[in-house]
Amino acid sequence: MQRAATNHKTRKWGLRTTIVAFAWSLLVGGETFAQSPSTFNQDFRLWAPVFITAKLPSSFLAHLEVQPRFADLDEEGHIDQLILRPAFGYQLTENLSIWQGYAWVGNYNQRHTPPQSPFFEESRIYQQILYSHKFESFKIVSRTRLEERWIEHVDGTAVRFRTMLRGQYPLPMAPEWALVASEEIFIHLNTVGARGPAAGFDQNRFFIGINRTFSKYFNMDVGYQNQLLNSRSIPNLANQLNHMILFQVFINL
């Protein structure tokens, strides 16, 4: 009986934490949106990442992401970014793991004036804490990441903080299907040169969709993601709003 009461309190705490985090992130994004309603550019995009995670001996983990991203789908459409992101992790507890990773980012078809090329590269290293917990049927995942970024044509190291919260609730009548929502906030911690990122709010991503579990090794999400971006052309204001189809595949080995 005492255990049941403890589980009930834990479940209530988890739900309250999830609600507060989502409300806070929506408030931050909504406030930024309200500041600049007339300055928005909008685009329709497709992201199709594949995530592969493998368990290694002695509680070590390996991870690889391949993320092709396409832009301007309402016009001619073209690849916008390709991200390759390997990482190694360590499972501290059943619910908590730490990670060290690297990312290569190729940016294509960017609107630059000569002599700058429409293609430029970025390299990153990042440190990450990943926490997941299941409250009976409801599952939450919290990911906190710190990135050090080296961007072509930009002098210096850009440092960015990002935190993501994801909730997943399986449908009682079909538990292999689940409703999914996630929110991720990005904050630049420093200003890097005249052409680099400026300190402050960078972007907010909100996703809502469905998840289909095929086996313990394979599942996927499909849904809508809203990306709100800050541009240095208008300091401290978000002026890019991307509407995208997000189709992501998870492979667990």
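The values are calculated or read from the model by the stated rules, or taken from the named source; none is laboratory data. Keep in mind the model is a prediction, meaning the values are calculated, not measured. Cβ coordinates were reconstructed from backbone atoms using ideal geometry, including for glycine residues, and neighbour counts include every protein chain displayed.
The set of residues in segment 131-141 being in contact (Cβ under 8 Å) with a residue 60 or more places away in the chain and under 17 Å from the mean Cα position of the chain (by Cα) consists of ILE140 alone.
Apart from one condition, PRO57 fits all of (1) surrounded by 15 or more Cβ atoms within 10 Å (Cβ to Cβ); (2) modelled with pLDDT of 50 or more; the exception is (1). Examine segment 27-38 for a residue that is modelled with pLDDT under 60, β-branched (Val, Ile, Thr), farther than 30 Å from GLU121 by Cα and surrounded by 14 or more Cβ atoms within 10 Å (Cβ to Cβ), and state whether such a residue exists. No: zero hits.
Can you tell me which residues in segment 148-189 are of a type in the set (A, V, I, L, M, F, W, C) and more than 14 Å from the chain's Cα centre (by Cα)?
From segment 148-189, those of a type in the set (A, V, I, L, M, F, W, C) are 150-151, 154, 158-159, 161, 164-165, 171, 173-174, 177-181, 185-187, 189; that's our starting set.
Of everything in segment 148-189, those that are of a type in the set (A, V, I, L, M, F, W, C) and more than 14 Å from the chain's Cα centre (by Cα) turn out to be TRP150, ILE151, VAL154, ALA158, VAL159, LEU171, MET173, ALA174, TRP177, ALA178, LEU179, LEU189.
Being surrounded by fewer than 16 Cβ atoms within 10 Å (Cβ to Cβ) and either farther than 26 Å from LEU73 by Cβ or of a type in the set (Asp, Glu) (or both) holds for only one residue in TYR224, TYR217, and it is TYR217. Each residue in segment 183-210 was checked for being touching a Gly at 6+ places or on another chain (Cβ under 7 Å) and crowded, with 20+ Cβ neighbours inside 10 Å, and 3 of them qualify.
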